[in-house]
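The values are calculated or read from the model by the stated rules, or taken from the named source; none is laboratory data. Only a predicted model underlies this, so the values are computations on that prediction, with no experimental measurement involved. Here the Cβ is made from the backbone with ideal geometry for all residues, glycine too, and neighbour counts use every protein chain on show. We work out accessible area using only protein heavy atoms, side chains counted, and drop any ligands, DNA or RNA first. Shrake-Rupley method; radii C 1.70, N 1.55, O 1.52, S 1.80 Å.
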Amino acid sequence: MTKLVSLTIDGKQVTVPEGTLFVDAAKRVGIDIPVFCYHPKMEPVGMCRMCLVDVGRPMIDRATGQPVMDENGAPKIQFGAKLDTACTTPVSEGMVVIGASDKVKAARKDIVEFILTSHPLDCPVCDKGGECPLQNLTMAYGPGETRFLYDDKLHLAKQVPLGELIYLDRERCIQCGRCVRFQDEIVDDPVIGFFNRGRSLEIVTHSDPGFDSVFSGNTTDICPVGALTTADFRFGARPWELKSTSSICSQCPVGCNITFNVRREAASGGKTVIKRVMPRQNETVNEIWICDKGRFGYHYTESDDRLTTPLIRKNGELTPASWDEALGLVASRFSAAGEGLLTLGSGRLSNEDLFNLRQLTEGVKGKAALYTHMAGGDLTAQVGVAPGTDFGEMGKGTAILVAASDLYEEAPIWFLRIKQAAERGATLIVANARPTKLEAYASHVIRYRYGAEAETIAAMTVDRGPTTVAGHPSSVADASKAFAEAENAVILFGSDGLGLEGSQALSAACANLLVATRHVGRANNGLVGVWSRANDQGAWDMGLRPLTVDRRPELQSAKAIYVVAADPFGDDPGLLATFNLQPATFLVVQDLFLTETARRADVVLPAQAFTEREGAYTSGERRVQRFYPAAPARPDTWPDFAITAQIAQKMGSILEGRVPAAVFTQIAATVAAYAGLSYRKLAETNDQWPSVGSGVRRKGLYFSGTAYENKQGVGIHLPLSPTPLPPVNMQSFHLQGEGLLAVPVTCLYDRGQTVYPSALLHQRIGEVWVALHPADAERLGVVANSRVSLTLGGAEFDATARLDESVPQGVALIPRSMGIPINGPEAVEIRAGERVVL
């Protein structure tokens, strides 16, 4: 048990754990000690001196070691000659802290005056105005006028691009170091830092390209002034003009809690538009951080290329039609197809959408399938992490195994939280065929060759000594022993280099390892899938299952295909040839954009973006969370669940299509794991630390930054539903001769339709590439940054060659969703092309 100590702060009795800093102890009882450099998520540095307080300590008799008592029998308190910084001084028993004396007020007044000596007087045009800690603390503690001459102010550059996403105003910077320390301490990626000294001190970027971090946007949240701003919000609006709406990030399976800031503006033709994305506190999910993809990737929802009216193919051309005409045609053809109806839905959809899709399809005895390249969602429902799981609590005594996943690219916030767990003492085991960023924090690294993923994890189950995995010497003894002996253990499995079949084998091996080592059924133990979409886990829970590895037979046998939030023909042009052989197949596409699949459809139905409606997602940790509408829907578009319900109604069935809460009530009544849940329960919150400020006054701005307080739901963690586990189907890939094995990998920024419309991210997305080992490149006559031709799956593609010694020999890494369709490992032929001069 942590020892508790009692002290007095401004006349209030406070009892807190030993070692707590003054500033935190005061905050916990509602006393605000002003700070600039201090942040509760980072180590204190005492740079700004704004938090000065007067500290008295009990006088101790040196002879007895006991407190000296006064005439009233109370300990005598002795105050120091100087003030102490509340952010660096830990509490001790009997202390008396005074933060409102004349001495303290005078010191804080002097600090604010010094900070303002070279700070520009541009509050009326500063992006931070209205939510600026410096502005607020100056009003509360600063002088009414300055003694320094205006001509003595130091004038510096005001629009310095640290990167394409973040701008620096050097005049506004007060050198608190929060941004530098965030990148150094929290992210451990010090791509920005201090340069020069004294009044010439400034923030610079050390990376090329500038500020090359996927967490760069968080520095704008914790900056206590308007020195750091995002490129898409800079000079875009004033904070008091904005309305806020709670939501969930839809870019990856973490389920980060976010807030959309919106306003109605003349610049957008009188429309209400999203101005920025801010983190919303959920300490068990994303704390107060989000990645740059989640912050800047929402722009696709506002794209001018969005579908806004139903389309029907007439005389070979897609032409606008009314909803009644389009839905009537779809309903008649679906009814005629009967059990020949094949529905494909993806994890971009909400639970309500997926539930209605399955109900509609199974109502005519058709097949509802999940469009994905990754399996294992059934196993995470059985041996997943149990309620109460929190990466933030993991440390010594916990083992974390990350298998076939590059978390930095696939789920950056999980990367951040697992890195921090390792720094707290957790045993981190990374198993992958290639190096990843997370390995720098791993206690054990297991390197296998592509194709031996399940075999490697299975070896950890049966062996406790050195073993040979798939023909490659790889000592897994220490890793196996550490995992088995850990008090708690979690496995995160991904699809790095894998397709559907390989990920199914890997997930089964991971599940069996957890069962064999008895790390299931309790908090901070279990299996987590690193899915490619936000709600893939929800799709599994709603009963959708992937098609077979070769989708062609199922597509060929279907009489009608209903594709929702997926683009199979765009992802795999080979499927298009199969579809073209079946001219009688009726194709309906329901999406945001006119995708490659939609261009071949008989009917296209325009859906609403998640920013325009409400619903619920289930994260990779199986936490159900609710999102809310932020912006008005595009005219003549409907939510997916409502479109499906209207089709069902015209087919003679009744599905809820008006209120998503009612659909969720049906989910709770039908899906066992969701029993007892409701929108009201999903909206419940709890007290969280650190305190963040939101609302009109936002009192916590100076303390934690501009992250929003969570007032609309932290979500509900689903219980497990254990059933017998399937046997592990070992899968291994072998290529004969000198051929190359192409394996798919995931990049954070890709050319998918929920990322590429955000023009701000184009520099980070780059062009289509393939990565080779230098030895393979030399054998093929390929040089770095040259154009190469690829033959993959019978189709030809062009790409830029990247040479990387970390790529295993005999392997070509091809990123998913970048223009080269690849669903799993397969043979590839690469030919040298023209050299690109950079």
remark   = The distance between the Cα centres of region 758-830 and region 277-297, in whole Å, is 31 Å
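Rounded to two decimals, what is the ratio between the C-alpha radius of gyration of region 4-100 and 2.2 N^0.38 Å? Spell out each step's value before the answer.
Numbers: Rg = 13.8 Å, N = 97, 2.2 N^0.38 = 12.5 Å.
The reported ratio for this selection is 1.10.
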query = Normalised by the residues of region 150-299, what does the relative contact order come to in percent, with Cα pairs under 8 Å and at least six apart?
reply = 19 percent
Order of exposure, largest accessible area first, which applies to LYS12, LYS711, LYS27 with probe 1.4 Å = LYS711, LYS12, LYS27
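Skip the ligands, DNA and RNA, and give the accessible area per residue of region 4-100 with a 1.4 Å probe, whole Å². Mind dumping the intermediate values first?
On the way: 4690 Å² over 97 residues.
I get 48 Å² per residue for this part.
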ask   = With every protein chain present, what accessible area does MET47 have (1.4 Å probe, heavy atoms only), rounded to the nearest 10 Å²?
value = 90 Å²
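Per residue of the chain, what 222 nm ellipticity follows from adding -39500 (n - 2.57) for every DSSP H run with n ≥ 4, rounded to the nearest 500?
On the way: 25 runs with 200 residues, N = 838.
Computed ellipticity for the chain at 222 nm equals -6500 deg cm²/dmol.
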task = Give the calculated FRET efficiency between ALA827 and SER806 to the nearest 0.05, with a Förster radius of 22 Å applied to their Cβ-Cβ distance.
result = 0.50
task = Rounded to the nearest 0.05, what FRET efficiency do GLU487 and ASN315 give with R0 = 51 Å and r taken as the Cβ-Cβ distance? Could you check?
result = 0.15
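Counting other Cβ atoms within 10 Å, which chymotrypsin sites (Phe, Trp or Tyr not before Pro) in region 51-156 have at most 14 and lie in a DSSP loop? Numbers along the way, then the final one.
Details: sites: PHE79, PHE114, TYR141, PHE148, TYR150; in loops: PHE148.
Counting only loop positions with at most 14 other Cβ atoms within 10 Å, the chymotrypsin sites (Phe, Trp or Tyr not before Pro) in region 51-156 are PHE148.
Fully extended, how many nm does the chain gain between GLU145 and GLU325 (0.36 nm per residue separation, minus their Cα-Cα distance)? All intermediate terms of the calculation are to be shown ahead of the outcome.
Working: separation 180, 0.36 × 180 = 64.80 nm, distance 7.00 nm.
So the extension gain works out to 57.8 nm.
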task = Taking all protein chains together and a probe of 1.4 Å, list TYR756, TYR448 from the most accessible to the least accessible.
result = TYR756, TYR448
key: For region 4-100, share of DSSP beta bridges that run antiparallel, in % to the nearest 5   = 90 percent
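Provide Rg over Rh for region 234-338; use the alpha carbon set for both Rg and the Kirkwood Rh (inverse mean inverse pair distance).
Details: Rg = 19.6 Å, Rh = 17.1 Å.
Radius of gyration relative to Kirkwood radius: 1.15.
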note = Here, region 377-530 modelled as identical Cα point scatterers in vacuum has Debye log10 I(q)/I(0) at q = 0.15 Å⁻¹ of -0.67
query = What's the Cα-based Rg to Rh of the chain, Rh via Kirkwood?
reply = 1.00
remark   = Tilt, helix 640-650 to longest principal axis of the chain (alpha-carbon atoms), in degrees rounded to tens, equals 40 degrees
message = Using only Cα atoms and rounding to the nearest 10 degrees, what angle (0 to 90) does helix 660-670 make with the longest principal axis of the chain?
response = 70 degrees
request  = Leaving ligands, DNA and RNA out of it, rank GLU202, GLU778 by accessible area with a 1.4 Å probe, largest first.
outcome  = GLU778, GLU202
key: Value of relative contact order over region 4-100, rounded to a whole percent, pairs C-alpha under 8 Å and six or more apart   = 40 percent
request  = Compute the accessible area per residue over region 741-836, keeping the other protein chains in place, probe 1.4 Å, unit Å².
outcome  = 41 Å²
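Among the trypsin sites (Lys or Arg not before Pro) within region 168-231, which fall in a DSSP loop and have no more than 10 other Cβ atoms within 10 Å of their own Cβ?
Hits after loop and neighbour filter: ARG197.
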query = What ranking do 521-533, 271-283, 435-447, 55-67 get when scored by the average of other Cβ atoms within 10 Å per residue, highest first?
reply = 521-533, 271-283, 435-447, 55-67
ask   = In the calculated pair distance distribution of region 648-691, what percentage of Cα-Cα distances lie above 17 Å?
value = 50 percent
message = Accessible area of the chain with a 1.4 Å probe: how many percent of it is carbon plus sulfur?
response = 50 percent
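Averaging over all projection directions, find the projected area of the Cα convex hull of region 741-836 and quote it in nm² with one decimal place. If you can, show how the numbers build up before the last one.
On the way: hull surface 24.1 nm².
Across all orientations, region 741-836 yields a mean hull projection of 6.0 nm².
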request  = With a point put 7 Å past each Cα toward its Cβ, work out how far ALA100 is from ALA775 in nm, to one decimal.
outcome  = 7.3 nm
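Rounded to the nearest 5, what % of DSSP beta bridges with both residues in the chain are antiparallel? All intermediate terms of the calculation are to be shown ahead of the outcome.
Values: 70 of 123 bridges.
Expressed as a percentage, antiparallel bridges in the chain total about 55.
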Distance between region 127-183 and region 220-270 - C-alpha centres, whole angstrom = 20 Å
ask   = Label-point separation (nm) for ALA516 and VAL783, each offset 7 Å from Cα along Cα-to-Cβ?
value = 5.0 nm
task = For each pair in LYS128/LYS158; LYS82/LYS103; LYS128/LYS293, compute the distance between the two Cα atoms and list the pairs where it is over 19 Å.
result = LYS128/LYS293
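Taking only the alpha-carbon atoms of region 193-252, what semi-axes of the equivalent ellipsoid follow from 5 times the gyration tensor eigenvalues under a square root, in whole Å, largest first?
27, 18, 10
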ask   = Which angle between 0 and 90 degrees, to the nearest 10, do you get for helix 323-337 versus the longest principal axis of the chain when only C-alpha atoms count?
value = 50 degrees
task = State, to one decimal in nm, how far the label point of GLN159 lies from the label point of ASN686, with both points 7 Å from Cα in the Cβ direction.
result = 4.7 nm
ask   = With r defined as the distance between the Cβ atoms of GLU439 and VAL549 and R0 fixed at 41 Å, what FRET efficiency is calculated, to the nearest 0.05?
value = 0.85
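Below 12 angstrom from the Cβ of ASN710, what's the summed charge of the other residues (Lys, Arg +1; Asp, Glu -1)? Please report the intermediate quantities before stating the final value.
Numbers: positive: ARG280, ARG626, LYS711; negative: GLU283, GLU287, GLU684, ASP687, GLU709.
Summing Lys/Arg as +1 and Asp/Glu as -1 gives -2.
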query = Expressed as a rounded percentage, what relative contact order does region 741-836 have, with Cα pairs under 8 Å and six or more residues apart?
reply = 43 percent
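Counting other Cβ atoms within 10 Å, keep those with at most 13, restrict to DSSP loop, and tell me which GluC sites (Glu not before Pro) in region 1-104 are left. Don't skip to the end; give the middle numbers.
Details: sites: GLU18, GLU71, GLU93; in loops: GLU18, GLU71, GLU93.
Here the sparse-neighbourhood loop sites are GLU18, GLU71.
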